[in-house]
Amino acid sequence: MPDLTTLPGGTSVFVDTNIFHFHYQGKSISCSNFINRVAQGEVEAYVNTQVLSDLLHHLMCTEVAGKLGINRTNYNQVKNFLRGQQGQKYPLKDYEAQFEAIIAIGLHVLPINENLLVDTKVERQQYYLMTGDSLHLGTMNRRKIKRRKVPLQDIVTSDADFELIPGLTVWKPNDIPNMKTL
């Protein structure tokens, strides 16, 4: 898979949630550089509402985990922390600022609707993808520009499941060795 640092300028790509998360966790210089390239207009980046929802969730859990000194995937502790804060000043602010900063870089947001949820059974069945990944591939395959179907053929992700899809170029941050995806 091509290294993310070699992505040519002017490329239109779909961006998976893990790229943003690695940027905010300081785990990948190549992800941070990529996001800067998007902000500068050098690369045209697409996401869908699933990516944005997942990102917001991950950022919130990460902030709570940082305050508690726990693993961000311990959802019971995260929920209990938030419940325990009710009636007090809202204790979280960083994740919202991070999320709004990502929105502000000029991402193109591809919609997910009930038709897409049904229609992406094609991607799930053909490539044995999980639901979220099938929605990513489905929005990529059904992207329209001026009412004309113009599929995206490039994705930026650390998710190996996309490597098995013919005709799709997977741009990976190679500075995250043996890192599991989100």
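The values are calculated or read from the model by the stated rules, or taken from the named source; none is laboratory data. The model shown is predicted, which means the values in this text are computed figures rather than measured ones. All Cβ positions, glycine included, derive from the backbone under ideal geometry; neighbour counts span all protein chains shown. Quick note on the areas: whole protein, heavy atoms, side chains included, nothing else; ligands and nucleic acids left out. Shrake-Rupley method; radii C 1.70, N 1.55, O 1.52, S 1.80 Å.
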Can you give the translational diffusion coefficient of the stretch 104-182 in µm²/s, computed by Stokes-Einstein from the Kirkwood radius over Cα pairs at 10 °C and 1.306 mPa s? 116
In whole Å, largest first, what are the principal axis extents of the Cα atoms in the stretch 90-137? 42, 24, 19
Let me know the volume per residue of the alpha-carbon convex hull for the chain, in Å³. 140
Which value, in Å², gives the accessible area per residue of the chain when a 1.4 Å probe is used on the protein heavy atoms? 55
Can you give the net charge of the other residues whose Cβ lies under 15 Å from the Cβ of Arg37, counting K and R as +1 and D and E as -1? -4
Kindly provide the trypsin sites (Lys or Arg not before Pro) of the stretch 67-107 that DSSP labels as loop, not H, G, I, E or B, and whose Cβ sees at most 13 other Cβ atoms within 10 Å. Lys89, Lys93
Computed curve, the stretch 32-105, Cα-only Debye sum without solvent term, log₁₀ I(q)/I(0) at 0.15, 0.20, 0.27 Å⁻¹, is -0.61, -0.90, -1.25
On the protein heavy atoms, probe 1.4 angstrom, tell me the percent of accessible surface of the chain carried by carbon and sulfur. 49
Dipole of the stretch 1-146 (Lys/Arg Cβ +1, Asp/Glu Cβ -1, origin at the Cα centre): which of Tyr127, His57, Phe34 lies farthest to the positive side? His57
Given unit charges at Cβ for Lys, Arg (+) and Asp, Glu (-), the dipole magnitude of the chain about its Cα centre in debye, nearest 20, is 460
Once all protein chains are kept in place, Thr49 shows an accessible area at probe 1.4 Å, nearest 10 Å², of 60
Antiparallel content of DSSP bridges confined to the chain, in %, to 5: 15
In square nanometres, what is the average projected area of the Cα convex hull of the stretch 1-49? 3.5
Can you tally the net charge around Asp154? Count Lys and Arg as +1, Asp and Glu as -1, for every other residue whose Cβ sits under 15 Å from the Cβ of Asp154. -3
Where the centroid of each part is defined by its Cα atoms, how far is the stretch 120-139 from the stretch 19-34 in Å? 25
What does the charge count near His136 come to, summing +1 for each Lys or Arg and -1 for each Asp or Glu among other residues with Cβ under 13 Å from its Cβ? -4
Ellipticity estimate at 222 nm from DSSP helix runs (n ≥ 4, -39,500 (n - 2.57)) divided over the chain, nearest 500: -13500 deg cm²/dmol
